[in-house]
Amino acid sequence: MHYNLKSKRVFVAGHRGMVGSAIVRRLKDEGCEVLTATRSELDLKNQAAVQKWFEINKPDAVFLAAAKVGGIFANDNFPADFLYDNLMIEANIIKAAFDVNVEKLLFLGSSCIYPKLADQPIKEAALLEGALEPTNEWYAIAKIAGIKLCQAYRKQHGADYISAMPTNLYGTGDNYDLQSSHVMPALIRKIDDAKKAGDPTVTMWGTGTPLREFMHADDCADALVFLMKEYSGHEHVNIGSGQETSIMALMEMICAASGYDGDIIKDLSKPDGTPRKLMDSTKLRKLGWQPEISLKEGLARTIAEFRSLDL
Ligand code: GFB
């Protein structure tokens with residue numbers, strides 16, 4: 001079961017993204033050779049280019065962290081991009097990996113693969129048991145297809161390809177564009193902007209009642225490297241912190257941490273999305289992994305990093 005990364009050639013697809021860059025940082029302790037490719041060097045949506053890159057570089061292991069990602073507004077408004085781009089990226093990489101005999105591949109999905117109204121906390125077995133959340137069903141279908149493709153290569157060819165489903169992530173290198181970002185970076189930026197401008201109010205999308213589970217990207221990267229080394233199985237694995245909060249409570253936490261005391265305005269023209277998506281991460285805990293960065297600590301670190309960006 002144990003897969004030793006020492007001296008292996010490890011391709012981190014998506015190495016410039018928040019999760020990919022966290023994986024690259026975490027791999028520094030593993031004595032492996034990290035392979036990366038920028039968008040200008042390799043278009044992951046181009047199958048021939050991906051096949052050629054794999055034939056030339058012959059990685060031993062692959063972290064498939066490359067994806068088109070975004071928050072609720074981006075997912076809801078660009079469904080074709082989220083479905084097509086992610087299908088192409090995952091299909092090209094998984095097929096090319098198999099063709100050059102990659103020993104181990106870890107595919108990254110997301111907690112949005114689960115039914116909108118799944119029993120909480122959500123177990124891995126809940127996959128495909130109900131209708132998806134409409135705002136991100138496109139991305140979810142692409143990620144479910146990626147899980148199934150890894151399972152298909154394991155079933156048909158014995159390929160040791162595994163999948164992991166992280167919860168809502170935040171941290172170093174996050175996307176702070178207010179139209180395409182997730183909630184955590186959006187609120188950090190909006191509250192900081194309001195404080196700097198002396199605005200009496202700051203806007204939150206939706207009712208603030210949805211609950212979200214959050215994990216810092218560095219914790220997630222540590223869990224991903226742990227699974228690459230210690231897990232080999234058909235079923236995907238949830239990577240959750242077990243720490244959830246309402247969006248309103250998150251807003252209040254960030255206002256307090258940012259020293260902003262203005263009023264919170266609700267923009268009810270924006271969707272709430274799924275009411276809750278707390279995952280059951282018992283399977284990961286039983287394998288021997290625990291998160292280490294609390295929401296409070298992660299938030300403080302991320303706010304400080306954001307301010308250093310001077311956006
Ligand atoms: O993080 P988020 O965009 O995505 O939104 P999801 C979470 C909740 O925060 C929603 C609320 O209820 C939003 O309405 N929210 C409040 C805001 N203010 C804001 C804001 O200024 N910006 C944003 N973005 N949200 C995503 C999926 O769902 O979860 C992705 O769409 C992915 O595909 C990701 O799976 C992990 O958590 O609702």
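What follows draws every value from the coordinates through simple rules; no lab data is involved. Computed from a predicted structure; not experimentally measured. Virtual Cβ from ideal backbone geometry, glycine too; neighbours counted across all protein chains shown.
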ask   = Going through the stretch 220-301, which chymotrypsin sites (Phe, Trp or Tyr not before Pro) have at most 15 other Cβ atoms within 10 Å and a DSSP loop state?
value = none
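So what is the relative contact order for the stretch 1-142, in percent, with contacts set as C-alpha pairs under 8 Å and at least six apart? Present the calculation step by step, with values, prior to reporting the outcome.
Working: 213 pairs, mean separation 33.9, N = 142.
Dividing the mean separation by the residue count of the stretch 1-142 yields 24 percent.
Considering Cα pairs under 8 angstrom that are at least six residues apart, work out the relative contact order of the chain and quote it in whole percent.
Details: 611 pairs, mean separation 64.4, N = 311.
Relative contact order for the chain comes out at 21 percent.
Quick check: net charge around residue 152, other residues with Cβ under 13 Å of its Cβ, Lys/Arg +1 and Asp/Glu -1? Don't skip to the answer; put the middle values down first.
Values: positive: 95, 148, 154, 155; negative: 90.
Value of the local net charge: +3.
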ask   = Okay, helix-only estimate at 222 nm for the chain: each DSSP H run of n ≥ 4 adds -39500 (n - 2.57), divide by all residues, round to 500 deg cm²/dmol; what do you get?
value = -13000 deg cm²/dmol
remark   = For the chain, the dipole about the Cα centre with charges only on Cβ (Lys and Arg +1, Asp and Glu -1), to the nearest 20 debye, works out at 640 debye
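Shape verdict for the stretch 121-236, please, from the Cα gyration tensor: rounded (a/c under 1.5), prolate (a/b greater than b/c) or oblate.
Details: a/c = 2.99, a/b = 2.00, b/c = 1.50.
Taking the square roots of the gyration eigenvalues as a ≥ b ≥ c, the stretch 121-236 is prolate.
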task = Find how many whole Å separate the alpha carbon centroid of the stretch 171-227 from the alpha carbon centroid of the stretch 91-131.
result = 24 Å
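Relative contact order of the stretch 174-311, please, whole-number percent, based on alpha carbon pairs below 8 angstrom and at least 6 residues apart.
Values: 166 pairs, mean separation 49.5, N = 138.
Relative CO of the stretch 174-311 lands at 36 percent.
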ask   = By counting other Cβ atoms within 10 Å of each Cβ, how are 19, 69 ranked from fewest to most?
value = 69, 19
